[in-house]
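Throughout, read-outs are computed from the coordinates displayed, never taken from laboratory work. Since this is a predicted model, take the numbers as computed values, not measurements. Every residue, glycine as well, gets a Cβ built from its backbone with ideal geometry; the counts of neighbours run over all protein chains shown.
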Amino acid sequence: MSLPPLVEPAAELTVDEVRRYSRHLIIPDVGMAGQKRLKNAKVLCVGAGGLGSPALLYLAAAGVGTLGVIDFDVVDESNLQRQVIHGQSDVGRPKAESAAASVREINPLIDVVVHNEVLTTENVMEVFSGYDLIVDGTDNFATRYMVNDAAVLLGKPYVWGSIYRFDGQASVFWAEHGPCYRCLYPEPPPPGMVPSCAEGGVLGVLCASIGSIQVNEAIKVLTGIGEPLVGRLMIYDALEMTYRSVKVRKDPECVLCGKNPTVTALLEDYEAFCGAVSAEAQEAASGSTITAAELKSWQDAGENVYVVDVREPNEYEIVSIPGAVLIPKGEFLNGSALERLPQDKRIVLHCKSGARSAECLAIVKNAGFADAVHVGGGVLSWIKTVDPSLPAY
Ligand code: ZN
């Protein structure tokens, strides 16, 4: 699927600009028109960290006319292993300022806008409204959902990326033309379930692999060339050295961009949203949670179990536990799932990381399936402890 250019071309390029961008100008698909669009483009990079560093460097070099950078953090020595926009002498300096200085050095012909502040529900709409496209380089779920929601509400495309150890993912979320982040990940993982790079580490150069994909996609969307990564999730494995792309469909039931949205404004508190599992779910899961390894041993021993995957079809397509039947969480909420559950087997529920399956477990137990259990850590735990050859997402 190709899309029309996001940005109108600037009136002209100066002599200096023609000299600087000549290797772009002689690519027929980019040419004068494409470079003029980049000149007119306003791109905001959320975060000047692992992903933001390479993204900002290449967006600047490419000639994106207005480049915004928002970050509240200061440069720490432990950042320098991957955040290549900062140097030794920047340690202790605000990241937004350090990044802006590097950008100005790379390309003095563009405007840099420094937002040396925390992105919050108070300022996100106003900050985003000044830009055509957002590059998301955030490293936490609360900000990620807020970026998604603000972008969808403002009708703006954004290029998302995430990194962990040797694994990276990227996609373009643009509700007007495809799914949003909530279509792919309807709910955040429970707190502490998915380790951050600070907890689990990240190969420095992985930032460049994913950051460069984000810039690549930003340029395509701005200039209207090629097939943007809308409706596709790119999954990169640096150890295997493989790129896989899987389709991501717009979820008609998406609470934000679906047919009958229930989220029509920013949430009040994204930290709370990302930290919430209901009391019922916690109670149901207490004493009824098994590990992925236990499930595997039950299956191997031929135990009479019925494994139900309560994630969305998108997610099931990416990776699933062998033998698991897909019944999305929504069908538990509306009750239709219950008649599909066998009475003579032990029900084992799982999701991605254990939050949604705990919610469903409460419903299933209330319906009389007293010995039902769910898998703590979900399919991610299965991948980690049972079959590491499967792709995590
Ligand atoms: Zn959506």
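Divide by every residue of the chain the summed helix terms, -39500 (n - 2.57) for each DSSP H run of at least 4, and state the resulting mean residue ellipticity at 222 nm, rounded to the nearest 500 deg cm²/dmol. So the calculated ellipticity at 222 nm is -10000 deg cm²/dmol. Three principal axis extents of the range 198-342 based on alpha-carbon atoms, in descending order, are 54, 41, 30 Å. When Met146, Met241 are arranged by Cβ crowding within 10 Å, least crowded first, meaning fewest neighbours, the order is Met241, Met146. Helix 204-223 axis versus longest C-alpha principal axis of the chain: approximately 70°, rounded to the nearest ten.
The ranking of Leu57, Leu184, Leu333, Leu267 by Cβ neighbour count inside 10 Å, starting from the fewest, reads Leu333, Leu267, Leu57, Leu184. If I take R0 = 51 Å and measure r between the Cβ atoms of Leu338 and Asp16 in this structure, what FRET efficiency does the formula 1/(1 + (r/R0)^6) give, to the nearest 0.05? With a Förster radius of 51 Å, E is 0.15. Note that the range 291-306 has calculated 3J(HN,Hα) couplings of 8, 4, 5, 5, 4, 4, 5, 4, 4, 5, 7, x, 4, 7, 10, 10 Hz, one per residue in order, obtained from phi through the Karplus relation 6.51 cos²θ - 1.76 cosθ + 1.60 (θ = phi - 60°); glycine and proline are x. Annotation: the residues Val263, Val15, Val147, sorted from fewest to most other C-beta atoms within 10 Å of their own C-beta, follow the order Val15, Val263, Val147. Note on the chain: Cα convex hull, mean projected area over all directions, 19.8 nm². Using a Gaussian network model on the chain with a 10 Å cutoff between Cα atoms, which of Thr120, Thr66, Thr289 fluctuates the most? Result for the chain, Cα springs under 10 Å: Thr120 fluctuates most. Karplus-based coupling profile of the range 265-274, in residue order and whole Hz: 8, 4, 5, 6, 9, 6, 4, 5, 4, 7, with θ = phi - 60° in 6.51 cos²θ - 1.76 cosθ + 1.60 and x standing for Gly or Pro.
Test of understanding: in a Gaussian network model of the chain with alpha carbons linked when under 10 Å, which of Val18, Val135, Val205 would top the mean-square fluctuation ranking? Result: Val18 has the largest fluctuation of those listed.
Rounded to the nearest 0.05, what FRET efficiency do Glu8 and Thr385 give with R0 = 30 Å and r taken as the Cβ-Cβ distance? Could you check?
0.05
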